[in-house]
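One structure below.
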Amino acid sequence: MPITTGFNHVATLTSDMARTVAFYADAFEAVKVFEMEKRDDHPHMVILDLGGGAALNVFEVSPDDIIGERRRQGHRGAIDHYALAVESREVLDGVRERLVAAGADEVGEVQRLGDEWSLFFRDPDGMELEVCASAE
């Protein structure tokens, strides 16, 4: 049995902190729990509580410092995407509507992938992400 209890946080980059924080608040009711202003040795950072003990650590950098092509699989770096979990298919359907209202790009249709319902979308920085719910 693993000694870990799951993920603590995922760190991501943005070129527009205000836009990214507003997007996650609107789409997922994420709550800002910490903010560190830019310093000589550290970029502007915000930690968003995503619920269930998971957080999104957002670092604001210049667009030129975001390496890779976020719209093509295999060109996004070592981690291709991450997925957020919700309780049910009904909540997932509601999240789809919230994503559209929050201005997410390329919001897909809910689909069944194995034992889960899955929904792909792109955040304001163009990164492909996923939201999942158990199909059981």
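Where a number appears in this text, it was derived from the coordinates with a stated rule and is not lab data. All values reported here derive from a predicted model rather than from experimental measurement. Every residue, glycine as well, gets a Cβ built from its backbone with ideal geometry; the counts of neighbours run over all protein chains shown.
Here are a few things to note about the model shown:
- Subtracting the Cα-Cα distance of HIS81 and GLU35 from their residue separation scaled by 0.36 nm leaves 14.2 nm.
- Full-stretch length increase - ALA22, VAL110 - with 0.36 nm per residue and alpha-carbon distance subtracted: 29.3 nm
- Taken along its three principal axes, the alpha carbon spread of the chain comes to 49, 35, 29 Å, from the longest extent down to the shortest.
- Paramagnetic reach from GLU130 in the stretch 33-57 [backbone N under 12 Å; point 7 Å along Cα→Cβ]: none
- For the stretch 1-71, GluC sites (Glu not before Pro) meeting the loop criterion (DSSP other than H, G, I, E, B) and having at most 13 other Cβ atoms within 10 Å: GLU29, GLU37, GLU69.
- Centroid-to-centroid separation of the stretch 97-125 and the stretch 1-50 [C-alpha atoms, Å]: 19
- Angle between the chain longest axis and helix 89-102 axis [Cα atoms, degrees, rounded to 10]: 40
- Alpha-carbon spread of the stretch 1-62, three principal axes, descending order, Å: 41, 29, 17
- Highest mean packing first, where packing is the average number of other Cβ atoms within 10 Å per residue, the peptides 101-113, 118-130 line up as 118-130, 101-113.
- Here the chain is treated with +1 on each Lys and Arg Cβ and -1 on each Asp and Glu Cβ, and its dipole about the Cα centre works out to around 120 debye.
- Size of charge dipole - the stretch 1-40 - debye, nearest 20, with Cβ of Lys, Arg +1 and Asp, Glu -1, no other charges: 80
- Principal-axis tilt of helix 17-28 within the chain, Cα atoms, nearest 10 degrees: 20
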